[in-house]
Amino acid sequence: MEIPHGATSYCPPLSPLFPGFLPGQSVRHTVRPHGTQDWLLIYTMKGAGIYRFGNEVYESRAHEVTLFRPQTPHAYQASPEKGWDLYFAHFLPKVDWLSWLQWPEHPSGMMKLSIQDSALARRIEKRLEKVVRLYGGAQARREVFAQNAFEEVLLWCDSINPERKTVALDFRIQKAADFLCANVAQPFSEKALAKTSGLSASRLRHLFTEQMGCSPRLFQERQRMARAKHLLTYSRQTISEISEDLGFENPFYFSLRFKKETGKNPRSYRENILSGI
C-alpha cells in the first residue's frame with residue numbers, strides 16, 4: 001500500500017489511550033501500510049469516511065463504529081461531499097477487554113458495528129465526548145478516568161455485537177425490558193410497552209417471550225419480586241412501605257404475591273435473612 005501525495009502515515013506514540021474528535025473536513029487522508037502498534041477505534045458521528053483496501057472502497061455511515069487490530073493496514077479519508085465528524089481512540093486493551101473486541105470482520109481485516117438504536121448511538125457519543133474531555137482535562141489521573149469511560153464505550157458496543165457468545169437482544173426488546181425495569185412499580189401496560197419498543201403488541205409479545213424466556217407481564221412481576229427481596233434484605237423500610245413503593249394495591253396482596261414467588265411471606269423472608277438462615 002503506497003502513500004499517495006498529500007496523505008499522512010502518522011502514528012501516535014504508544015500509550016494506554018489516545019482519544020480525540022475531528023470535525024467536518026479536518027480529517028487528513030491517512031494511509032498506514034503496516035497499520036499501527038495499537039488498536040484503533042473510529043466512530044462516525046456525521047458524514048462519511050472513505051476506507052480503501054487495494055481497489056476496494058467502503059464508505060462508513062453515521063453511527064457506525066470501525067475497529068482495527070494492531071498491524072492491520074488501513075487507509076481512510078473524509079468524504080469530499082459529506083465531510084466526516086468522527087471520534088477516534090488509539091488504545092492498548094486491558095486483558096479483560098479482548099473478548100469484547102471480536103466484532104464482525106470485513107475481509108480486509110477491518111471490523112465494524114452498525115448502531116441502529118438512536119438512543120444507544122447518543123449514549124455512545126456522550127461517552128466518547130466524556131473520554132475526550134477527561135483525557136484533555138486537568139484532573140489528576142486524567143488518563144485513568146478517560147480509560148474507565150472508554151471501557152464503558154466498549155461495553156455498550158459489546159452489547160450489540162452479534163459475534164459475542166451470548167447472543168445480543170434485539171434492541172427493541174432491550175428497550176422494552178429497560179422500560180419495564182424503570183417502571184417496575186407502575187401497572188403493566190402492553191400499549192405503553194409496544195409504543196416504547198416500536199413494535200405491535202402481538203409482535204412484541206412474540207419476540208419478548210422468544211428472547212427473554214417469559215412474557216412481558218411475567219418479566220415485570222419477576223423484577224418487582226427481585227426488587228422486593230433486595231429491599232427486605234438491605235433496607236429498613238417496613239413491609240407496608242415496600243408494598244407501596246412497588247405499586248401493590250395493599251400489603252396483604254403484596255404478601256400473597258411474594259409468598260407465591262418465594263414460598264415465604266415477606267416477614268419470614270426478612271427474619272431468615274437477618275438470622276443468617
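The values are calculated or read from the model by the stated rules, or taken from the named source; none is laboratory data. Small disclaimer: the values here were computed from a predicted structure and weren't measured. Cβ: placed from backbone, ideal geometry, glycine included. Neighbour counts: every protein chain shown. What goes into the accessible areas is simple: the full protein's heavy atoms, side chains included, and nothing from ligands, DNA or RNA. Shrake-Rupley method; radii C 1.70, N 1.55, O 1.52, S 1.80 Å.
Of the residues that sit in the range 35-59 and are part of a loop (DSSP other than H, G, I, E, B) and at pLDDT below 85, which one is surrounded by the fewest Cβ atoms within 10 Å (Cβ to Cβ)?
Start the filter on the range 35-59 by keeping residues that are part of a loop (DSSP other than H, G, I, E, B), which leaves 35-38, 48, 54-55.
Those still in the list that are at pLDDT below 85 too: 54-55.
Numbers: G54: 9, N55: 5.
Ranking the candidates gives N55 first.
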Item to check | In the range 245-271, residue most open to solvent (accessible area, probe 1.4 Å) [restricted to those that are assigned to a loop (DSSP other than H, G, I, E, B) and under 22 Å from P187 (Cβ atoms)] | outcome: E249
Next on the checklist: Just the residues that are surrounded by 14 or more Cβ atoms within 10 Å (Cβ to Cβ) and aliphatic (A, V, I, L, M), please, taken from the range 142-166.
Outcome noted: A146, A149, V153, L154, I160
Item to check | Scan of the range 39-78 for residues that are of a type in the set (S, T, N, Q) and in contact with a strand residue (DSSP E or B) (Cβ under 6 Å, 6 or more places away or on another chain), ordered by number | outcome: T44, S60, T66, Q77
Checklist entry - Which one of L180, L169, L193 is open to solvent by less than 70 Å² (accessible area, probe 1.4 Å), out of contact with any Asp or Glu (no Cβ under 8 Å at 6 or more places or on another chain) and not in a helix (DSSP H, G or I)? => result L169
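So which residues in the range 224-239 are more than 15 Å from K259 (Cβ to Cβ), assigned to a helix (DSSP H, G or I) and not β-branched (V, I, T), if there are any at all?
A226, R227, H230, L231, Y234, listed by residue number.
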Checklist entry - Among the numbered criteria (1) part of a helix (DSSP H, G or I); (2) surrounded by fewer than 18 Cβ atoms within 10 Å (Cβ to Cβ); (3) over 22 Å from the mean Cα position of the chain (by Cα), which single criterion is violated by I242? => result (2)
Next on the checklist: Please count how many residues of the range 88-122 are open to solvent by less than 80 Å² (accessible area, probe 1.4 Å) and either in contact with a helix residue (DSSP H, G or I) (Cβ under 8 Å, 6 or more places away or on another chain) or of a type in the set (A, V, I, L, M, F, W, C) (or both).
Outcome noted: 19
Checklist entry - Within the set of pairs 6 or more residues apart or between chains, which connect a residue that is in contact (Cβ under 8 Å) with a residue 24 or more places away in the chain and farther than 23 Å from E249 by Cα inside the range 169-185 to a residue that is surrounded by fewer than 20 Cβ atoms within 10 Å (Cβ to Cβ) and among the small types (G, A, S) with Cβ atoms less than 6 Å apart? => result R172/G198
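Pick from the range 19-34 the residues that are open to solvent by less than 70 Å² (accessible area, probe 1.4 Å) and among the hydrophobic types (A, V, I, L, M, F, W, C): which of them is modelled with the highest pLDDT? I'd like the intermediate steps shown before the answer.
So the first thing to find is which residues in the range 19-34 are open to solvent by less than 70 Å² (accessible area, probe 1.4 Å), and the list is 19-20, 22-24, 26-27, 29-33.
Now narrow it down to the ones that are among the hydrophobic types (A, V, I, L, M, F, W, C): 22, 27, 31.
Numbers: L22: 92, V27: 77, V31: 88.
Within the range 19-34, the match that is modelled with the highest pLDDT is L22.
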